[in-house]
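Some notes on the structure that comes next.
The values are calculated or read from the model by the stated rules, or taken from the named source; none is laboratory data. Nothing here was measured: the structure is a model prediction, and the numbers come from that model. Don't worry about glycine lacking a Cβ; one is built from the backbone with ideal geometry, like all the others, and counts go over all protein chains shown.
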Amino acid sequence: MEEKGKKAKFNYELDFGNINFREQPSLYRVGKGEQGVLLVEPYKSEILPHWRFKTPEVATESSEKIYSLFLQYLEQNDFIGADMARKFLQMGYTRSRRYANHKSGKKYKGPVPEDKKGQSGAHGRQQLPVDPDPVKAASAAIFKEKWDLAKQNPEYIRQMEIFEKKYE
């Protein structure tokens, strides 16, 4: 058990290829931010096909679909599904912002050192100058609006509290 007030860490050592988190919810941890967004099944496979942000029109359609999935998961008392949908909305925002600031999608110059792959941060690499893309900035704003709605949803907050008391 974690210290009171601290969230349990996301466990990257689980066998994600063989776990159905809908059937084994006790293994899921919310973690921080987008942790596990591309690992937790069956939710990844249910949500990922709808996740797009190339243009504001595409981002609108994508964010609305993912938000509707978020609401469906809440209706089904499927907190993990709702949390994963929230993570995809957050990732829509963060990835769009990255491309809004760097048209290439690359924030840093040079390759990631072998011993630092899979970790976030610069790891001593030089950050590239900002090269703005207003289209991606608009996509980011669209995802941000839905992400904010999701994380502030009273039913989501209620289900998170129940989940954390039960499993974390």
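Before moving on, here are some points about what is shown:
- Restricting ALA59, ALA8 to those that are touching a residue at least 60 places away in the same chain (Cβ under 8 Å), of a type outside the set (Ser, Thr, Tyr) and part of a helix (DSSP H, G or I) reduces the list to ALA59.
- Applying the condition of being touching a residue at least 60 places away in the same chain (Cβ under 8 Å) and more than 9 Å from the chain's Cα centre (by Cα) to the range 18-42 and asking which residue is surrounded by the most Cβ atoms within 10 Å (Cβ to Cβ) yields TYR28.
- Filtering the range 152-168 to residues that are surrounded by 15 or more Cβ atoms within 10 Å (Cβ to Cβ) and charged (D, E, K, R) leaves GLU164, GLU168.
- Residue satisfying condition, being in a helix (DSSP H, G or I), modelled with pLDDT of 95 or more, closer than 16 Å to TRP147 by Cβ and not basic (Lys, Arg), within set ILE66, ILE80: ILE66
- Leading residue by the ranking (nearest to ILE80 (Cα to Cα)) among those in the range 125-168 that are touching a residue at least 24 places away in the same chain (Cβ under 8 Å), of a type in the set (Val, Ile, Thr) and in a helix (DSSP H, G or I): ILE162
- Any hit, the range 125-142, residues being surrounded by fewer than 18 Cβ atoms within 10 Å (Cβ to Cβ), of a type in the set (Ser, Thr, Tyr) and at pLDDT 90 or above: no
- Among the residues of the range 83-97, just one is more than 16 Å from SER45 (Cβ to Cβ), modelled with pLDDT of 95 or more and among the small types (Gly, Ala, Ser), namely GLY92.
- Listed by first and then second residue, the pairs with beta-carbon distance under 6 Å, at least 6 apart or on different chains, first residue in the range 68-81 and of a type outside the set (Lys, Arg), second surrounded by 16 or more Cβ atoms within 10 Å (Cβ to Cβ) and not in a helix (DSSP H, G or I), are ILE80/PHE21; ILE80/TYR28.
- Apart from one condition, VAL112 fits all of (1) at pLDDT 95 or above; (2) surrounded by 14 or more Cβ atoms within 10 Å (Cβ to Cβ); (3) in a loop (DSSP other than H, G, I, E, B); the exception is (1).
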